[in-house]
Amino acid sequence: MDGTAAARIEEFIEHLETGLAALRIHDRAEALTLIERLEQVTGRITGTRLALIQQAAITSAAGDELDHRLHSSNRATIRQVRGDIRLARELETRYPLLLEALRDGKLSEAQARAIMTGLNPLQLTETQSVRCQTELIGYATQFDPNELLALATRMTEVIDPDHADATDAARAERDARVAHANRSLTIAPDHHGSMLLRGRLPLADGELLLAQLAALMPSAESYTHTGERPTPAAKRADALARLCTVAANSRELPAHGGDRPHVIVTLDYDTLLTGLGKAEVLDTGMRISAREARRLACDADLIPMVLGGGSRPLDVGRSRRYFTKAISTALAIRDRGCAFPGCDAPPSACDRHHTQPWKAGEVRDCFRTKSPHR
């Protein structure tokens, strides 16, 4: 870029900033027209910026780290900056037609990224790549990024229909191997009363999980007694909690450390009786409310323990279960699930509770119990 071109761009930016500062639009149609025009201009600016990044990368001197130079403005994280450098390099070397379309305002950055994501695994020849890019750019006015991604992944059917099935099968096998290798699940407390879950599953396992969650998804009526209007994400979280309860109540999980899987919660006797105070989950050291601890204790093995100085156990009693298998079966037959009006939780997803608190002296094997909503 010569000095004259750079000066013209600087002048254009100054005029643009002045116009944006003075912009006042009250007509909806005019606003929508301007939004569409700005989206086109944004794509062109993005394309030009990426081309400049690639040029700067090519001409960088030894020891002049481009990522740190770009990051010095603090307008993006170092990870985002490095992603832009990779994107610029890939567009310039593998997808020049996409870069040209981006600079001409025919594609948005999101559309260009979607096409690249779809084409990358296809192992195309240069001729095939040019054809695919041309075809997909032509669809940019008709399809959004997600739709272009779906089209891009199926381009082998267009460029090589005779071998499309074999190519798709090989790609599916490759994707399955990569998905299996990349599977992960991270669970950690956020130190504010919640657990953060982040993970990745192979597609088949993910679909299986979604099917179970769909079966346990609470209905809208389940929340009428709380007045809550949960988001779909919140309902999925509730369904996952139900799934954990179903698994825990099945008594069929394999032994762990010589015992069935369990959560160990410690709390003092007064907290258990009054519901005032805090309890602690032994594995993580996180605090939970006394209310949550008492809810868990309603259908748990309780082990009385006397502690001396330094929290050393002086006496450990036997575990005591307050709900026998017979009572649990009877409750399932009687209540057929959650006893709260409107709740559709199945018996396997319910906890068992006493109608009156057990500390009031209620007989253990009586039927004055129900399976209330959590």
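Throughout, read-outs are computed from the coordinates displayed, never taken from laboratory work. Every value quoted in this text rests on a predicted model; they were computed, and no experiment measured them. Note: ideal-geometry Cβ built from the backbone for every residue, glycine included; neighbour counts use all protein chains shown.
Some observations on this one:
- T266/L209 FRET efficiency (R0 41 Å; Cβ-Cβ; nearest 0.05): 0.85
- Charge tally in the Cβ shell below 9 Å around A114, where Lys, Arg are +1 and Asp, Glu are -1, A114 excluded: -1
- Residues whose placed amide H lies under 5 Å from that of F340, excluding near-sequence neighbours: H373
- Fully extending the segment from H68 to A110 would add 12.7 nm, taking 0.36 nm per residue of separation and subtracting the current Cα-Cα distance.
- Sites R174 and D344, calculated FRET efficiency, Cβ-Cβ separation with R0 51 Å, nearest 0.05: 0.75
- For the stretch 167-182, 3J(HN,Hα) per residue [Karplus equation, 6.51 cos²θ - 1.76 cosθ + 1.60, θ = phi - 60°, Hz, x = Gly/Pro]: 5, 5, 5, 5, 5, 5, 5, 5, 4, 5, 5, 5, 4, 5, 5, 9
- Neighbours of H71 by Cβ distance under 11 Å: Lys/Arg scored +1, Asp/Glu scored -1, total +1.
- Classified by the C-alpha gyration tensor, the stretch 181-238 has an oblate form. Its axis ratio a/c, with a ≥ b ≥ c, is 1.5 or above, and a/b does not exceed b/c.
- Backbone amide hydrogens, once placed in the peptide plane, bring L107 within less than 5 Å of L102, excluding anything fewer than 5 places away on its chain.
- The stretch 29-181: C-alpha gyration tensor shape, a/c 1.5 cut-off, then a/b vs b/c: oblate
- A simple spin-label model places pseudo-atoms 7 Å from Cα toward Cβ; at I78 and E135 they are separated by 4.2 nm.
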